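Data first, discussion second: the structure below is written as structure tokens.
The values are calculated or read from the model by the stated rules, or taken from the named source; none is laboratory data. Computed from a predicted model, the values in this text were never measured in an experiment. Methodologically, a virtual Cβ is constructed for each residue, glycine included, from the backbone with ideal geometry; neighbour enumeration extends over all protein chains shown.
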Amino acid sequence: MRFQLPVPKDVRDLFEDLLGRPITVGTADPVLVEGLKTTLVSLYTDDKKKLWAVAGMDLPLTVYAGAALGLLPPGGAQDCVDDGVVTETVAENVREVCNIMTVLLNREGGPHLKLYQVFLPGEPPPNDAGAILLALGRRLDLTVEVGGYGSGKVSIALAE
């Protein structure tokens, strides 16, 4: 069974519906090794804990998505990005964003994927997950601009 990557419109629609803000998406470069340490990494597995997909959000999108979901002020979110900090409230909110992102991965006839684990920026992900997120191939890399907050990057990479 091979999974399909979501299309950019699906990503835009998900963020727009979830955050209740206008969202603009565009193409982006893949995550680089030096950027991995400031990237949120989420792992998606099936019921047997087989890793099927890895998603990453850079620090700005991590903060903006978490802040927008929690209706936190854009100025405070910008301060967090400038300081390289993910507050507990933003972390809790962005984990929920990662959980809801499973709808981008689940397809009829395929294994049911669920969020297995989230590693916040600064928390090193397992080596295999980091390698999948860095590998070229079956991946989608987008800029995501969260209206009123700012822009960041999301990457979704398939393990197979």
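So, of the residues in segment 66-110 that are within 30 Å of Asp47 (Cα to Cα) and in contact with a Phe, Trp or Tyr (Cβ under 7 Å, 6 or more places away or on another chain), which turns out to be surrounded by the most Cβ atoms within 10 Å (Cβ to Cβ)?
Checking each candidate, the answer is Leu105.
In the set Leu69, Leu158, which member is within 15 Å of the chain's Cα centre (by Cα), closer than 21 Å to Leu14 by Cβ and in contact (Cβ under 8 Å) with a residue 60 or more places away in the chain?
On the way: Leu69 fails: in contact (Cβ under 8 Å) with a residue 60 or more places away in the chain.
Just one listed residue meets the conditions, Leu158.
Picking from Val54, Val31, Val41, which residue would you name as being outside any strand (DSSP E or B) and under 14 Å from Phe119 (Cβ atoms)?
Values: Val54 fails: outside any strand (DSSP E or B); Val41 fails: outside any strand (DSSP E or B).
Testing whether each residue is outside any strand (DSSP E or B) and under 14 Å from Phe119 (Cβ atoms) leaves just Val31.
Got at least one residue in segment 14-26 being touching a Pro at 6+ places or on another chain (Cβ under 6 Å) and of a type in the set (A, V, I, L, M)? Break it down stepwise before answering.
Of segment 14-26, the ones touching a Pro at 6+ places or on another chain (Cβ under 6 Å) are 25.
Next cut, of a type in the set (A, V, I, L, M) only: 25.
Looking for residues that are touching a Pro at 6+ places or on another chain (Cβ under 6 Å) and of a type in the set (A, V, I, L, M), one finds at least one in segment 14-26, hence yes.
Could you check, for segment 23-45, whether at least one of its residues is surrounded by fewer than 20 Cβ atoms within 10 Å (Cβ to Cβ), more than 16 Å from the chain's Cα centre (by Cα) and at pLDDT 95 or above?
no
Go through Thr87, Thr39, Thr24 for me and flag whichever is on the phi < 0 side of the Ramachandran plot and touching a Cys at 6+ places or on another chain (Cβ under 8 Å). Before you say what the answer is, go through the steps one by one.
Working: Thr39 fails: touching a Cys at 6+ places or on another chain (Cβ under 8 Å); Thr24 fails: touching a Cys at 6+ places or on another chain (Cβ under 8 Å).
So the residue among Thr87, Thr39, Thr24 that is on the phi < 0 side of the Ramachandran plot and touching a Cys at 6+ places or on another chain (Cβ under 8 Å) is Thr87.
Taking the criterion of being more than 16 Å from the chain's Cα centre (by Cα) and small (Gly, Ala, Ser), would at least one residue in segment 104-112 satisfy it?
First, the residues of segment 104-112 that are more than 16 Å from the chain's Cα centre (by Cα): 107-112.
Then keep just the ones that are small (Gly, Ala, Ser); that gives 109-110.
Among the residues of segment 104-112, at least one is more than 16 Å from the chain's Cα centre (by Cα) and small (Gly, Ala, Ser), which makes the answer yes.
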